[in-house]
Structures are given as structure tokens and as C-alpha cells.
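First, the structure itself, so that you have it in front of you.
The values are calculated or read from the model by the stated rules, or taken from the named source; none is laboratory data. Just so it is clear, the structure is predicted and the values come from calculations on it, not from any experiment. For neighbour counting, all protein chains shown are included, and Cβ atoms are generated from backbone atoms with ideal geometry for every residue, glycine included. The protein model used for the area step is the full one, side chains on, heavy atoms only, and it has no ligands, DNA or RNA in it. Shrake-Rupley method; radii C 1.70, N 1.55, O 1.52, S 1.80 Å.
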Amino acid sequence: MASYRESLTNNATCLVNLSNSILSHYGAEVFHPVIKEFDKLFSGHKKIALFLFDGLGRYPLEVHRESAKFILDHEFMVIDSVNPPTTAAATNSLLTGKFPIETGWLGWAPYIEEVGAPVALFPNRYQLSDEPVEGWNMRESCPLITFRDLLSKAGVKVKELYPRGIHLPGEPDDGPKSLRQMEKDSTRFFKEGGEFLYGYWTEPDECIHKNGVASKEVGRWVKKINRMVERFVKDNPDVLVLTLADHGLVDVEYVDVAPIREISDNLIRPLSNEGRCACFYVKEGKIEEVMLALAEHFPDFIILKKEEVLEKQYFGEGLPNPKSLGMIGDIVAISTGRLLLYNSKDGGKPSFYKAHHAGGMKEEKEILISAYNV
């Protein structure tokens, strides 16, 4: 498996650029450069369906290629996720056309200064205790202007479709309960005059986390998704259909930094953001000591000071959200191998998944875009 050590960022052919190609095609506001291949693909198409299957990046598709034949037979292009390649950062970048540094959604569980702890942003729960956060939520702190808003403003009939259980506060929880229902709801939208649909499904991400990339359970999910896509494409010949993911996953090994006193004794806050893109908040005057210890013990990690993270535009280009700057910490450690970091001194109970993402391996970052009814 190859790492992205030599090419840490791709801010030209990634999810953000795909999003801006979609916005440009419909005459909506554009924030970053487009991808010319998609401009050509979209030309002449009024109806477009974009189905995102969480975690089903290029690598899991290749591992389960026999179960993904229809999807792989329609390969159009390989692009990158964003940094870090993780759902909270990647899906919101795709939805908004902006990089994580701009949206403030830098990962699954960044440290939130107003709360005083790492917070799992999507469920709005304390990462270490899993208790709900009261009186604060990320959607108010860093609100998102998404496809629904941007395309509607341009006069496009647009829909964002999420599974039952995933909905914005104050909105009805009436999404599809199954892939089959998502397929039917999507078809109905286009039959009733819809023009652009973004459909999101939570699997196979959760299944890969629990069972590992090459597991039979994941293969069954890939087969179900492949069949759903094939049915929808054939039933909607007037719709340009794209399938993609937010990231891939790799099998991982958890490593506790607590026994390494040069690291753990010099931290002032819990590890945060992601185990494979870990943000360290360090005692004054101890940054160099912690960086040296990280480099010595974890040679497969890219170790960057906050200033280097910003200089290299690791979290993307554009005007940083003020909240983003406080989430980065003093040091960011990006895994380019199998390891995932945690600190048992922080308390809490790590999930110890078999597979994870958010690191710097191409298997986590590469996304296969397949196109149908071209």
C-alpha cells in the first residue's frame, strides 16, 4: 500500500472541485476551480443523481470487485477525498463546495473550546463519555450552506435524501428506511420533475469499521448497493447518474500514546479530531519535545506543527473559518501506515474498530466516480 507522504494534498481534483463542477453546471455560485472532465460529462444533462455510499472508496470496491461489477464497469474518473478523508469533513465539503478549513468541520471529533472537550460533531455527543452536549451544537456554530440552498437559489429543483434517523434538527425524520426505498424515492423525485438529487447512504462504512475491509459482510453490502444502482440506472434512462464515496478505509492497529511520557506528560488537552489525523495540544515550550517523540515512535506518521498545516493547506484552501484555527491544536499527526493513535489517560472507551480512515494512505483518499446514462 502506498502513502501520500510525497503528495500530502490535492486541492485541484477532489470532492470540492466535483461539487463546484455541479454548481457551475446549474449556474449556481462557485467557490473553487472545477474539473473540466465533469464539465464535459454534465453538458446537455438537466437531470443528475449523485449517490454517495459512505466508505465505498476505490480500495473497498477493488477488494470486492466481483460484487461491484456494474459500478466498476462504469468507471469514469478517480478523484481524491479531502483532508482528512472522513465523513464529517468530506460530505460537508461535497455539499457546500468548500474545504474543511472553510467550513470548520475538520473531522469526527475535534476539540471544541466553547465546550472544553472533544465533541463527536454529527451526533453532538462528548467523544470520551458519549454523553449528549447541552447548549451547543456544531450546526449553529458552523452553519452549512449546501446543495439544497445553493441550487434552489439558482432555480433548480433539488433534493437531499438521507436515511431515516439522519435529519437536521427541527426537520421531519422521514427519510428512506432501506436502499430499496431510497431507490423508489429517488425515482419518484425525477418523475415529478426533479433536476438534481443528492442521495446519501450510511453503508458500507459502518460494516467495514466493524468487520474489516475484506470481510464477507462488506461484500454483501457492496452487492446490495451494486444491484440498487443497476436498477435505478435502468429505470431512469433520462437521468445522468453518478456514484461515489466520501472516503475509503483500511484495516488498522490501535496504539496508546499514554506510556510514552515525552508525549502524554506534555499534553494539556485530550487527543482530538481523528486517531489517524490526531490533533495535539501541548504545554508551552514542549512542542519540539513532543514532535521529536512522535517522530521517533511513529515513523509512519507525518508530523506537522500548526503553522505547517496551514502553510501546506492540509485542510484545504480558502479563508479559514475562525473556529477551524482553534481545532487544529499545536501538532497534527497524520498516519501513512496502519496505526491509529489514542491516549488512555484521556479516559473514555475507544471503539477499537477493525478498519478506519482519516489518514494519509491512498486507499483512504481515492474515490472512484462511476457514471451511467452518459
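Need the failing condition index for F352 against (1) open to solvent by 50 Å² or more (accessible area, probe 1.4 Å); (2) at negative phi, just the number.
(2)
Please specify each residue of the stretch 11-50 satisfying the condition of being without any contact (Cβ under 8 Å) to a residue 60 or more places away in the chain and in contact with a Pro (Cβ under 7 Å, 6 or more places away or on another chain).
Of everything in the stretch 11-50, just one residue is without any contact (Cβ under 8 Å) to a residue 60 or more places away in the chain and in contact with a Pro (Cβ under 7 Å, 6 or more places away or on another chain), namely A12.
Find the residue count for the stretch 311-334, including only residues that are in contact with a Ser or Thr (Cβ under 9 Å, 6 or more places away or on another chain) and either buried (at least 22 other Cβ atoms within 10 Å of the Cβ) or not charged (D, E, K, R) (or both).
The qualifying residues number 8.
If H209 satisfies every condition in (1) part of a loop (DSSP other than H, G, I, E, B); (2) touching a strand residue (DSSP E or B) at 6+ places or on another chain (Cβ under 7 Å); (3) not charged (D, E, K, R) but one, which is the exception?
(1) is the only condition that H209 fails.
May I pose another question? Give the number of residues within the stretch 127-141 that are of a type in the set (G, A, S) and open to solvent by 40 Å² or more (accessible area, probe 1.4 Å).
Residues in the stretch 127-141 being of a type in the set (G, A, S) and open to solvent by 40 Å² or more (accessible area, probe 1.4 Å): 2 in total.
Right, next: Can you tell me which residue within the stretch 185-229, out of those that are within 21 Å of the chain's Cα centre (by Cα) and open to solvent by 70 Å² or more (accessible area, probe 1.4 Å), is nearest to L94 (Cα to Cα)?
For the stretch 185-229, the residue satisfying everything is E206.
Scan the stretch 259-274 for residues that are in a loop (DSSP other than H, G, I, E, B), open to solvent by less than 30 Å² (accessible area, probe 1.4 Å) and hydrophobic (A, V, I, L, M, F, W, C) and jot them down.
I260, L271
For the stretch 93-126, name all the residues that are over 25 Å from L310 (Cα atoms) and surrounded by 15 or more Cβ atoms within 10 Å (Cβ to Cβ).
Scanning the stretch 93-126 gives N124, R125, Y126.
Out of the residues in the stretch 289-298 meeting the condition of being closer than 21 Å to H357 by Cα and more than 26 Å from the chain's Cα centre (by Cα), tell me which one is most open to solvent (accessible area, probe 1.4 Å).
The qualifying residue most open to solvent (accessible area, probe 1.4 Å) is H297.
For the stretch 154-169, which positions are in a loop (DSSP other than H, G, I, E, B), within 21 Å of W201 (Cα to Cα) and not basic (K, R)?
Scanning the stretch 154-169 gives Y162, P163, G165, I166, H167, L168, P169.
Considering the stretch 142-153 alone, what residues qualify as being surrounded by 13 or more Cβ atoms within 10 Å (Cβ to Cβ) and either assigned to a loop (DSSP other than H, G, I, E, B) or in contact with a strand residue (DSSP E or B) (Cβ under 8 Å, 6 or more places away or on another chain) (or both)?
Listed by number, the residues that qualify are C142, L144, I145, T146, F147, R148, L151, S152.
Quick check on the stretch 60-82. Is at least one of its residues under 20 Å from P163 (Cα atoms), surrounded by 21 or more Cβ atoms within 10 Å (Cβ to Cβ) and either modelled with pLDDT of 95 or more or not charged (D, E, K, R) (or both)?
No - not one qualifying residue is present in the stretch 60-82.
Only one of these conditions is not met by F301: (1) surrounded by fewer than 19 Cβ atoms within 10 Å (Cβ to Cβ); (2) farther than 24 Å from V115 by Cα. Which number is it?
With respect to (1) surrounded by fewer than 19 Cβ atoms within 10 Å (Cβ to Cβ); (2) farther than 24 Å from V115 by Cα, F301 is out only on (1).
Further question on the same structure: Can you tell me which condition A278 does not meet? The list is (1) under 25 Å from E114 (Cα atoms); (2) touching a Ser or Thr at 6+ places or on another chain (Cβ under 8 Å); (3) open to solvent by 60 Å² or more (accessible area, probe 1.4 Å), and all the others hold.
Only one criterion in (1) under 25 Å from E114 (Cα atoms); (2) touching a Ser or Thr at 6+ places or on another chain (Cβ under 8 Å); (3) open to solvent by 60 Å² or more (accessible area, probe 1.4 Å) is unmet by A278, namely (3).
Also, I was wondering about something else. Quick check: anything in the stretch 250-258 in a loop (DSSP other than H, G, I, E, B), of a type in the set (D, E) and within 22 Å of the chain's Cα centre (by Cα)?
Checking the stretch 250-258: not a single residue is in a loop (DSSP other than H, G, I, E, B), of a type in the set (D, E) and within 22 Å of the chain's Cα centre (by Cα).
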